[in-house]
Amino acid sequence: MLNFKVILATASLITLLAGPATAQSTANSQLQSNSSKQHFSAGEISSIFAEFAIATKLLPYEGQGAATIIAQTSGDATFVVSLFNCVNPADGTQCGGAVIYTATSNSGIAYDDINSFNAVSNVTMAVNVAEQNIVVFGRQLFFSGGVGRDNFKFITALFLTDMQEFMDARTAAGTSVSLNEAPATTGKTDNVAGAGDTVTFVARSISSGAVDDHALSAAIANTWQVSFNPPNIDMDE
């Protein structure tokens, strides 16, 4: 799980250097506030998600130094929050950072699809896991230096927006993200070699060992029928 966090952080840094989206810049400008916090707890995050009508469940501690929250939108989409650097990971208290992530099948999804998503997404990075036939989408947050509650809520809203836009694009293209669909034989995201695109580095594959079972469960849950139900947000706030 820690490997997955490092990959997402590195990939996000590359994307920022390549040219941040407006929403990302807006979110970063809100990191410091009078109500900024150095730590968040599972209960606080569940309270934030409840404002979006998102149901949450804190899983039993798995002994890897992280607390895990499974979240489900009212549209049945599933995503995960992994809280790390916690004072008490067993109950998810006083945690120093989080990874918000989910997954879908990579059936019929080409490098160009992932590259296009990473080029325009607000806060989310997508990487391919070829061995598991899934694409993992994630956003990492470090609370060191102070992150406001409103910022965490804003980042969550942008993550949900990114995911819904991806799902809508797949539906518009006639590509189901269901694991019941057979993978495409041409243009499938098997590896990055020969993609020949200026942003192909964001469509890299990662090994299945860097992905936990929660990502696989999310991919099974997130068929094309689900909705991430992003809330209406003002990008200029």
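Here E62 fulfils each of the conditions (1) modelled with pLDDT of 95 or more; (2) within 21 Å of Q132 (Cβ to Cβ); (3) surrounded by fewer than 20 Cβ atoms within 10 Å (Cβ to Cβ) apart from (1).
Of the residues making up segment 60-71, those that are in contact (Cβ under 8 Å) with a residue 40 or more places away in the chain and under 17 Å from A218 (Cβ atoms) number 3. Within segment 144-172, the only residue that satisfies the criterion of being outside any helix (DSSP H, G or I) and crowded, with 22+ Cβ neighbours inside 10 Å is V147. Among residues of segment 103-153 being out of contact with any Leu (no Cβ under 9 Å at 6 or more places or on another chain) and basic (K, R), the one that is farthest from V226 (Cα to Cα) is R149.
Which numbered condition in (1) over 16 Å from the mean Cα position of the chain (by Cα); (2) in contact (Cβ under 8 Å) with a residue 40 or more places away in the chain is the only one that I45 fails? Going through the list (1) over 16 Å from the mean Cα position of the chain (by Cα); (2) in contact (Cβ under 8 Å) with a residue 40 or more places away in the chain, I45 breaks only (1).
If only residues of segment 44-59 that are loosely packed, with under 14 Cβ neighbours inside 10 Å and not aliphatic (A, V, I, L, M) are counted, the one that is nearest to N222 (Cα to Cα) is K57. Just checking, does segment 121-131 include any residue being in a strand (DSSP E or B), under 24 Å from K37 (Cβ atoms) and small (G, A, S)? No, there is no match, as no residue in segment 121-131 is in a strand (DSSP E or B), under 24 Å from K37 (Cβ atoms) and small (G, A, S).
Evaluate segment 95-107: report whether one residue or more is farther than 24 Å from L59 by Cβ and not acidic (D, E). Talk me through it step by step, then tell me what you get.
Taking segment 95-107 as the starting set, the residues that turn out to be farther than 24 Å from L59 by Cβ are 106-107.
Applying the additional criterion that residues be not acidic (D, E) yields 106-107.
Looking for residues that are farther than 24 Å from L59 by Cβ and not acidic (D, E), one finds at least one in segment 95-107, hence yes.
Rundown of residues vs (1) touching a Phe, Trp or Tyr at 6+ places or on another chain (Cβ under 8 Å); (2) buried (at least 21 other Cβ atoms within 10 Å of the Cβ), yes/no style:
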site	(1), (2)
S74	no, no
F79	yes, yes
C86	no, yes
A90	yes, no
A98	yes, yes
Y101	yes, yes
T104	yes, yes
I109	no, yes
S116	no, no
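Would you check if N106 is at pLDDT below 95 and within 16 Å of the chain's Cα centre (by Cα)? Taking the combined requirement at face value, the residue satisfies it. From the list F79, F4, the lone residue that is under 16 Å from the mean Cα position of the chain (by Cα), modelled with pLDDT under 95 and of a type in the set (F, W, Y) is F4.
The values are calculated or read from the model by the stated rules, or taken from the named source; none is laboratory data. Here the structure is a predicted model, which means the values were calculated and not measured. Cβ coordinates were reconstructed from backbone atoms using ideal geometry, including for glycine residues, and neighbour counts include every protein chain displayed.
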